[in-house]
Amino acid sequence: MTKNNMSYFLNLKKQDPRVYKSVLGEIKRQQEGLEMIASENYVSAAVLEALGTVFTNKYSEGYPGKRYYGGQEFTDVIEELAIKRAKKLFGAEHINVQPLSGAPANMIAYSAVLKPGDKILGMDLSHGGHLTHGHPVTLSAKIYNFIRYKTTPDGKINYKELEKIAIKEKPKMILAGFSAYTRQLDYKKFSAIAKKVRAISMIDIAHIAGLIAGKAIPNPVPYFDIVTTTTHKTLRGPRGGMIMCKKGFAKAIDKAAFPGFQGGPHMNNIAALSVALGEALEPSFKKYAKQIIKNAKILEQELRKYGFKIMFGGTDNHMVLLNVFSSKGVTGKEAEVVLDKIGITINKNMIPDDPRHPMDPSGIRIGVPAATTRGMKEKEIKLIAQYINDAISNHKNNKTLKQVNKEVKKLCKKFPIYKNLK
């Protein structure tokens, strides 16, 4: 930071130097490196400011016009504004913006329409699903009975097989959505299968919400009974969650959120979400969403040229999943560590039916939303693919890694994140 910008953290610096030092360190780390974890992004300065407002002081249990505490004049304004903007973006009949994040949003949705022991048909974690879609270590798996579907060897979802499983198992809910799957889902087929077995249809769009809002990929909201999402990732808002649903599920969803699962919502997050949703309604957001798709496709093509095995046959969204173990002889954990050394942050990730342990899997997941937010396009993505290949192919050569790190810093300097937080 420059002297002119020090005042931004003046109180923090005086009150708690250790936290202040960590904040400056994180600003430097983000500025000088490339955030390429698929679930991460950079919020705008306006969203950051909203997160730090006095709304953090306010308890607002309940809903607009029906709060438990007094003094809700302005909290009602920002929550109603967030709902209005979200409806305009996604076309949902009802929206709850109070979930604290994606995992709570999913638990709220389950509890609203299911009973303990009910069956949910969801995607297997190693095939791209999410922990909250039924992994045994989660609370949801202890409450509900999850049955899992997988992708085919070529990375597609076999909807005929999915239908057979649904007919046999008769789940109360069919769950679509993913954490590391890179292809476009067929919303109509999911919906049709759910209707055929009289199941509730739900989709988790946490990863692709921004692409949907930006009209870069199709909107699933008309096809599903319930839609959950985080508000960060591609949507580029604060860390929170939303639940969208048909009117028939509205009362159950709201009651399950409060008082069923949560207490007071985090109004500073909802204020920041209102800002982010307002940004998503601007024409520039559509350009950003479309550029994400372009950048991800270029990343896929370039990495394939370098000999990386691309899982699911390619990408239709914002990320790629690589099998680095079979293609480069390094584990996902080793790749994550070496890329960290050059200033590129990604995450190790399981691949379908991965024979390795989740903490040291065969794959890595790479996303382009944050790089796209910085203004990087195809030219820069090609360089990034080169840096990734150079680092992984020379993971034991410290001299090469130091040189690539210099190149990463040089690139990042051309695309500052927050100009007032240098």
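The values are calculated or read from the model by the stated rules, or taken from the named source; none is laboratory data. Everything numeric in this text was worked out from a predicted model, so none of it was measured. Glycine gets a Cβ as well: all are built from the backbone with ideal geometry, and neighbour counts include every protein chain shown.
Would a scan of region 11-23 turn up a residue that is part of a loop (DSSP other than H, G, I, E, B), assigned by TED's automatic domain parsing to the domain that holds Asp204 and either farther than 29 Å from Ile342 by Cβ or not hydrophobic (A, V, I, L, M, F, W, C) (or both)? Lay out the reasoning, then the answer.
Pass one, region 11-23, residues part of a loop (DSSP other than H, G, I, E, B): 16.
Next, only the ones that are assigned by TED's automatic domain parsing to the domain that holds Asp204 stay: none.
No, region 11-23 contains no residue that is part of a loop (DSSP other than H, G, I, E, B), assigned by TED's automatic domain parsing to the domain that holds Asp204 and either farther than 29 Å from Ile342 by Cβ or not hydrophobic (A, V, I, L, M, F, W, C) (or both).
Quick check on Val23: is it under 25 Å from Pro416 (Cα atoms) and hydrophobic (A, V, I, L, M, F, W, C)? First the steps, then the outcome.
Numbers: under 25 Å from Pro416 (Cα atoms): yes; hydrophobic (A, V, I, L, M, F, W, C): yes.
Here the answer is yes, as Val23 does meet what is asked.
Can you report the number of residues in region 139-168 which are without any contact (Cβ under 8 Å) to a residue 12 or more places away in the chain, more than 15 Å from Tyr181 (Cα to Cα) and not charged (D, E, K, R)? Even if it seems obvious, please write down each step before you answer.
Our first condition is that a residue be without any contact (Cβ under 8 Å) to a residue 12 or more places away in the chain; within region 139-168, this holds for 141-142, 152-153, 158, 160, 164, 168.
If we keep only those that are more than 15 Å from Tyr181 (Cα to Cα) as well, we get 141-142, 160, 164, 168.
Retained after the next criterion (residues that are not charged (D, E, K, R)): 141.
Summing the residues that are without any contact (Cβ under 8 Å) to a residue 12 or more places away in the chain, more than 15 Å from Tyr181 (Cα to Cα) and not charged (D, E, K, R) in region 139-168 gives 1.
Within region 39-58, can one find any residue that is of a type in the set (Gly, Ala, Ser), farther than 30 Å from Ile364 by Cβ, without any contact (Cβ under 8 Å) to a residue 24 or more places away in the chain and out of contact with any Asp or Glu (no Cβ under 6 Å at 6 or more places or on another chain)? Walk me through it before giving the result.
Going through region 39-58, the residues of a type in the set (Gly, Ala, Ser) turn out to be 39, 44-46, 50, 52.
Next, only the ones that are farther than 30 Å from Ile364 by Cβ stay: 45-46, 50, 52.
If we keep only those that are without any contact (Cβ under 8 Å) to a residue 24 or more places away in the chain as well, we get none.
Checking region 39-58: not a single residue is of a type in the set (Gly, Ala, Ser), farther than 30 Å from Ile364 by Cβ, without any contact (Cβ under 8 Å) to a residue 24 or more places away in the chain and out of contact with any Asp or Glu (no Cβ under 6 Å at 6 or more places or on another chain).
Within region 70-100, can you find the residues that are in contact (Cβ under 8 Å) with a residue 24 or more places away in the chain, outside any helix (DSSP H, G or I) and on the phi < 0 side of the Ramachandran plot?
Quick first cut of region 70-100, residues in contact (Cβ under 8 Å) with a residue 24 or more places away in the chain only: 75, 78-79, 81-82, 85-86, 88-100.
Remaining after also requiring outside any helix (DSSP H, G or I): 91-100.
Across region 70-100, the qualifying residues are Ala92, Glu93, His94, Ile95, Asn96, Val97, Gln98, Pro99, Leu100.
Out of region 328-352, which residues are touching a residue at least 12 places away in the same chain (Cβ under 8 Å) and on the phi > 0 side of the Ramachandran plot?
Here is the first cut: in region 328-352, the ones touching a residue at least 12 places away in the same chain (Cβ under 8 Å) are 328, 330-336, 338-339, 341-352.
Gly343, the sole residue that qualifies.
From Ala271, Ala296, Ala252, grab the single residue that is within 20 Å of the chain's Cα centre (by Cα), in a helix (DSSP H, G or I) and under 23 Å from Leu81 (Cα atoms). So that I can check it myself, show each step before the final result.
Values: Ala296 fails: under 23 Å from Leu81 (Cα atoms); Ala252 fails: within 20 Å of the chain's Cα centre (by Cα).
Exactly one residue qualifies, and that residue is Ala271.
I'm trying to understand the selection: among the residues of region 104-132, which are buried (at least 20 other Cβ atoms within 10 Å of the Cβ), under 19 Å from Gly240 (Cβ atoms) and at pLDDT below 95?
Those that are buried (at least 20 other Cβ atoms within 10 Å of the Cβ), under 19 Å from Gly240 (Cβ atoms) and at pLDDT below 95: His130, Thr132.
Kindly establish whether Asp186 is touching a Ser or Thr at 6+ places or on another chain (Cβ under 6 Å), farther than 26 Å from Tyr42 by Cβ and surrounded by fewer than 23 Cβ atoms within 10 Å (Cβ to Cβ). Give the derivation first.
On the way: touching a Ser or Thr at 6+ places or on another chain (Cβ under 6 Å): no; farther than 26 Å from Tyr42 by Cβ: yes; surrounded by fewer than 23 Cβ atoms within 10 Å (Cβ to Cβ): yes.
So Asp186 does not fit the description; no.
Only one residue in Glu61, Glu26, Glu32 is touching a residue at least 12 places away in the same chain (Cβ under 8 Å), charged (D, E, K, R), surrounded by fewer than 17 Cβ atoms within 10 Å (Cβ to Cβ) and not assigned by TED's automatic domain parsing to the domain that holds Pro220. Which one? Quick ask: steps written out before the conclusion?
On the way: Glu61 fails: not assigned by TED's automatic domain parsing to the domain that holds Pro220; Glu26 fails: touching a residue at least 12 places away in the same chain (Cβ under 8 Å).
After ruling out the rest, the residue left standing is Glu32.
If I ask for residues that are within 20 Å of Ala199 (Cβ to Cβ), charged (D, E, K, R) and touching a Phe, Trp or Tyr at 6+ places or on another chain (Cβ under 8 Å), which ones from region 72-121 would you list?
Asp118, Lys119
Let's see how each residue does on (1) touching a Lys or Arg at 6+ places or on another chain (Cβ under 9 Å); (2) closer than 20 Å to Ile388 by Cα; (3) surrounded by fewer than 21 Cβ atoms within 10 Å (Cβ to Cβ):
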{"site": "Glu282", "(1), (2), (3)": "no, no, yes"}
{"site": "Phe285", "(1), (2), (3)": "yes, no, no"}
{"site": "Ala296", "(1), (2), (3)": "no, yes, no"}
{"site": "Val324", "(1), (2), (3)": "yes, yes, no"}
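Which residue pairs have Cβ atoms closer than 7 Å, lie 6 or more positions apart in sequence or on different chains, and pair a first residue in region 115-130 that is in contact (Cβ under 8 Å) with a residue 24 or more places away in the chain and on the phi < 0 side of the Ramachandran plot with a second residue that is crowded, with 19+ Cβ neighbours inside 10 Å and polar (S, T, N, Q)?
His127/Thr151; Gly129/Ser179; His130/Ser179
If Tyr69 satisfies every condition in (1) of a type in the set (Ser, Thr, Tyr); (2) surrounded by fewer than 13 Cβ atoms within 10 Å (Cβ to Cβ); (3) within 27 Å of the chain's Cα centre (by Cα); (4) over 14 Å from Ile270 (Cα atoms) but one, which is the exception?
For Tyr69, the exception is condition (3).
Answer with yes or no whether Ala176 is surrounded by 19 or more Cβ atoms within 10 Å (Cβ to Cβ), farther than 27 Å from Leu273 by Cα and in contact with a Leu (Cβ under 8 Å, 6 or more places away or on another chain).
Spelling it out, it is not the case that Ala176 is surrounded by 19 or more Cβ atoms within 10 Å (Cβ to Cβ), farther than 27 Å from Leu273 by Cα and in contact with a Leu (Cβ under 8 Å, 6 or more places away or on another chain).
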